[in-house]
Amino acid sequence: MLRQSRPLRLLIADDDPLIIESLHSVLINEGNQVVCTEGGQQAIDEFTASLGTDSRFDAVITDLGMPYVDGRKVAAAVKAASAATPVILLTGWGQRLIADNEIPACVDYVLSKPPKLRDLRGLLGKLANRPSGEMMHARAATM
């Protein structure tokens, strides 16, 4: 497993308070800066507000199934604003999306929900260690 070379600034979008609390706790304990939102529109607003500032996000972690603005819309909005920002999709339907080749084009990684700590750490290690400005590509990896 690749260890993080540097802390990341991460944005999390999920409508499940337990998932938000768990991810926040784990990611903070790994040394990352974490901003949590309770839905898709709030995440889009938070991401957009960070653009052009010193508080830009290194990656966005979004749940797929959320009311009103789902993870697909969050991913599309993030990529429209910043194509190089990695989007990680959390979903209980991860294996089905992968098997059916239905991963949204604007999603870089898929993690099953709840994510395994080993998979999450490995993925964050990849993101932290990638060369600055390296663009992620959809379907690049699934965990």
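Observations, loosely collected:
- A full extension of the chain between residue 81 and residue 6 corresponds to an added length of 24.6 nm, given 0.36 nm per residue minus the alpha carbon distance.
- Carbon and sulfur %, accessible surface of segment 1-85 computed with the full protein complex present, 1.4 Å: 51 percent
- Among 58-66, 112-120, sorting by the average number of other beta carbon atoms lying within 10 angstrom of each residue, highest first, gives 58-66, 112-120.
- Proximal lysines to residue 113, defined as alpha-carbon separation beneath 21 angstrom and excluding residues fewer than eight positions away on the same chain: 73, 126
- Sequence ranges 37-49, 13-25, 69-81, ranked by mean other-Cβ count within 10 angstrom, highest first: 69-81, 37-49, 13-25
- Nearby aspartates and glutamates by direct alpha-carbon distance to residue 116 (threshold 12 angstrom, same-chain neighbours under 8 apart not counted): none
The values are calculated or read from the model by the stated rules, or taken from the named source; none is laboratory data. The model shown is predicted, which means the values in this text are computed figures rather than measured ones. Please note: Cβ atoms are built from the backbone with ideal geometry, for glycine as well, and neighbour counts cover all protein chains shown. The accessibility values were calculated without ligands, DNA or RNA, using every heavy atom of the protein model including side chains. Shrake-Rupley method; radii C 1.70, N 1.55, O 1.52, S 1.80 Å.
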